[in-house]
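In what follows, a structure is listed as structure tokens, so that the remarks can point back to it.
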Amino acid sequence: MKKILLFLLISLAAKAQLSSKAEVVLVTVAPGKELHSAFGHTILWVNDPMNGIDRAYSYGTFDFKTENFYLKFLMGTLPYTISVHAMQDEFNYNAQYEKRGMIAQKLQLDSLQKNAIFQALEKNLLPENREYAYKFFYDNCSTRIRDMIERNAPGKYTWNQIPSLEGKSYRDWMNKYLESNSWVTVGMNLALGIPSNVKTDASQACYLPDNLASATNLAKGLSANPVTLFDAEVSDKAGFDFTGPYVILGVLIVLVGLTTYKKRFSYAADVALFSVIGILAWFIFFLGTATNHEVMAWNPASLMLFPLNFPLVIWFAKDPLKWKKYLQIISILCFIGLIWSGIQFAPMVLVGLPIFIRVCYLSFIKK
């Protein structure tokens with residue numbers, strides 16, 4: 001019964017027409033502290049006081065209670081939806097509860113364009129339309145609203161006149177929002193493949209909410225001057241993390257290098273090293289080949305870490321002379337992977353160097 005009532009309410013709303021006093025407002029929420037909110041959020045708010053309409057639409061909504069949530073998230077099959085709330089509720093949650101800044105840009109649209117956007121949003125809310133396959137770079141809370149505005153108010157964005165949003169890759173834009181000396185940052189970069197290195201044009205760069213806000217502000221005649229709804233306090237920048245990857249991996253590299261040089265690196269240590277990094281390599285390979293995350297395909301980190309080293313380490317570390325040809329080939333592939341990965345994101349080299357040191361040493365042992 002509740003589903004029927006919800007369907008009827010949405011159907012009635014979809015047929016409603018906005019009054020001449022209606023406004024469509026782009027609201028940009030600043031990045032939050034949690035990883036899922038680290039890149040900010042975009043809301044499209046339709047406000048029509050004459051008709052009592054106050055609807056703030058968000059894409060990219062997901063439910064932690066979804067069955068097999070973590071498996072579906074890993075596989076790229078987790079259903080994401082559009083959701084709608086009153087703007088006051090959005091403000092209370094984002095500004096008052098999470099303490100994230102909020103900026104509003106009233107869009108300069110005619111009545112037909114406003115109504116078209118409103119009807120399209122309401123149509124998306126229908127049960128048969130609301131779910132979609134989320135893609136971080138290509139189909140998220142920001143790109144959906146960018147496309148919504150473009151489809152229903154064509155020509156408002158002049159993408160070729162926004163050079164400030166050109167020249168960076170998807171990966172570069174992502175890393176702007178992440179601390180460099182962070183395990184999360186290194187992990188996310190390790191997981192991304194060649195597609196993430198594509199240089200974005202201004203439109204593609206708007207997968208980030210801040211960039212969409214900038215493009216909207218720079219588009220001639222599209223928005224009024226931005227209005228700050230909530231100005232969050234600027235948090236202190238985190239100091240150097242001595243438990244971050246730079247230090248921990250750096251120490252590991254030095255230890256592996258010294259013990260290898262002094263010929264004190266044991267068989268058990270080789271098995272442990274190649275097993276831990278090998279499991280990581282298989283996970284990266286799995287993400288790039290067996291999931292719906294196309295941006296993780298063709299990953300040079302697989303060359304650098306080479307999944308087959310685990311479990312083969314059990315044999316080649318015990319008797320490297322018999323495996324010399326294999327080890328020499330792997331050392332070449334690892335070197336290519338190191339250079340390639342370093343070009344994409346330099347700190348990734350720290351993950352591959354311990355393996356590279358050991359593979360090179362084992363491949364050149366003489367009788």
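The values are calculated or read from the model by the stated rules, or taken from the named source; none is laboratory data. What you see is a predicted model, and the numbers here were worked out from it, not measured in a lab. Glycine gets a Cβ as well: all are built from the backbone with ideal geometry, and neighbour counts include every protein chain shown. Ligands, DNA and RNA are stripped out before the accessible areas are found, and what is left, the full protein with its side chains, is counted by its heavy atoms. Shrake-Rupley method; radii C 1.70, N 1.55, O 1.52, S 1.80 Å.
Of the residues S302, S331, only one is among the hydroxyl-bearing types (S, T, Y), modelled with pLDDT of 95 or more and open to solvent by less than 20 Å² (accessible area, probe 1.4 Å); which? Within the list S302, S331, the selection yields S331.
Suppose the filter is among the polar types (S, T, N, Q), in contact with a helix residue (DSSP H, G or I) (Cβ under 6 Å, 6 or more places away or on another chain) and either more than 15 Å from F39 (Cβ to Cβ) or free of Cβ contacts under 8 Å to residues at least 12 places away in the same chain (or both); does S203 pass it? The answer is yes for S203.
The single condition among (1) assigned to a helix (DSSP H, G or I); (2) at pLDDT below 95 that T66 does not meet is (1). Can you find even one residue in the range 242-258 that is in a loop (DSSP other than H, G, I, E, B), farther than 30 Å from P163 by Cα and polar (S, T, N, Q)? The answer is yes, given that some residue of the range 242-258 is in a loop (DSSP other than H, G, I, E, B), farther than 30 Å from P163 by Cα and polar (S, T, N, Q). Quick check, is T259 over 26 Å from the mean Cα position of the chain (by Cα) and either open to solvent by 60 Å² or more (accessible area, probe 1.4 Å) or modelled with pLDDT of 95 or more (or both)? Answer is yes for this residue. In this entry, S363 passes the filter for residues that are at pLDDT below 95 and open to solvent by less than 70 Å² (accessible area, probe 1.4 Å).
Within the range 86-107, the residues that satisfy the criterion of being out of contact with any strand residue (DSSP E or B) (no Cβ under 8 Å at 6 or more places or on another chain) and outside any helix (DSSP H, G or I) are E98, K99.
In the range 140-164, the residues that are modelled with pLDDT under 95 reach residues that are open to solvent by 40 Å² or more (accessible area, probe 1.4 Å) and not charged (D, E, K, R) with C-beta atoms within less than 6 angstrom, at least six apart or across chains, in these pairs: I162/L218.
For the range 173-195, residues that are of a type outside the set (G, A, S), open to solvent by less than 60 Å² (accessible area, probe 1.4 Å) and either without any contact (Cβ under 8 Å) to a residue 60 or more places away in the chain or part of a loop (DSSP other than H, G, I, E, B) (or both) total 6. For the range 197-217, a residue qualifies if it is open to solvent by 60 Å² or more (accessible area, probe 1.4 Å) and under 25 Å from K106 (Cα atoms), and the qualifying residues are D201, Q204, N217.
Could you please find all residues in the range 1-19 being modelled with pLDDT of 90 or more and either out of contact with any Lys or Arg (no Cβ under 8 Å at 6 or more places or on another chain) or open to solvent by 50 Å² or more (accessible area, probe 1.4 Å) (or both)? Passing the criteria: only S19.
Per this entry, K65 is not counted among residues that are at negative phi, in contact with a Leu (Cβ under 6 Å, 6 or more places away or on another chain) and free of Cβ contacts under 8 Å to residues at least 24 places away in the same chain. Take the residues in the range 334-354 that are open to solvent by 30 Å² or more (accessible area, probe 1.4 Å) and either without any contact (Cβ under 8 Å) to a residue 60 or more places away in the chain or among the polar types (S, T, N, Q) (or both), then tell me which one is farthest from G278 (Cα to Cα). This residue is I343.
A quick yes/no check of all residues on (1) in contact with a Phe, Trp or Tyr (Cβ under 7 Å, 6 or more places away or on another chain); (2) open to solvent by less than 60 Å² (accessible area, probe 1.4 Å); (3) not aliphatic (A, V, I, L, M):
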{"position": "T81", "(1), (2), (3)": "no, yes, yes"}
{"position": "M87", "(1), (2), (3)": "yes, yes, no"}
{"position": "A95", "(1), (2), (3)": "yes, yes, no"}
{"position": "E98", "(1), (2), (3)": "no, yes, yes"}
{"position": "R151", "(1), (2), (3)": "no, no, yes"}
{"position": "Y157", "(1), (2), (3)": "no, yes, yes"}
{"position": "S169", "(1), (2), (3)": "no, yes, yes"}
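Within the range 218-239, the set of residues being in contact with a strand residue (DSSP E or B) (Cβ under 6 Å, 6 or more places away or on another chain) and either open to solvent by 70 Å² or more (accessible area, probe 1.4 Å) or without any contact (Cβ under 8 Å) to a residue 24 or more places away in the chain (or both) comprises V227, T228. Is it the case that I357 is in a helix (DSSP H, G or I) and touching a residue at least 40 places away in the same chain (Cβ under 8 Å)? In short, yes. Residue pairs whose Cβ atoms lie under 9 Å apart, sitting 6 or more positions apart in sequence or on different chains, and linking a residue in the range 287-313 that is farther than 27 Å from A272 by Cβ and outside any helix (DSSP H, G or I) to a partner that is β-branched (V, I, T) and open to solvent by 20 Å² or more (accessible area, probe 1.4 Å), are T291/T77; N292/T77; A297/I194; A297/T289; W298/I194. When K324, K318 are screened for being open to solvent by less than 70 Å² (accessible area, probe 1.4 Å) and either of a type in the set (K, R) or closer than 16 Å to M188 by Cβ (or both), only K324 passes.
Table: residues versus (1) within 27 Å of the chain's Cα centre (by Cα); (2) under 30 Å from A191 (Cα atoms).
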site: Q113; (1), (2): no, no
site: N129; (1), (2): yes, no
site: Y132; (1), (2): yes, yes
site: D139; (1), (2): yes, yes
site: T143; (1), (2): yes, yes
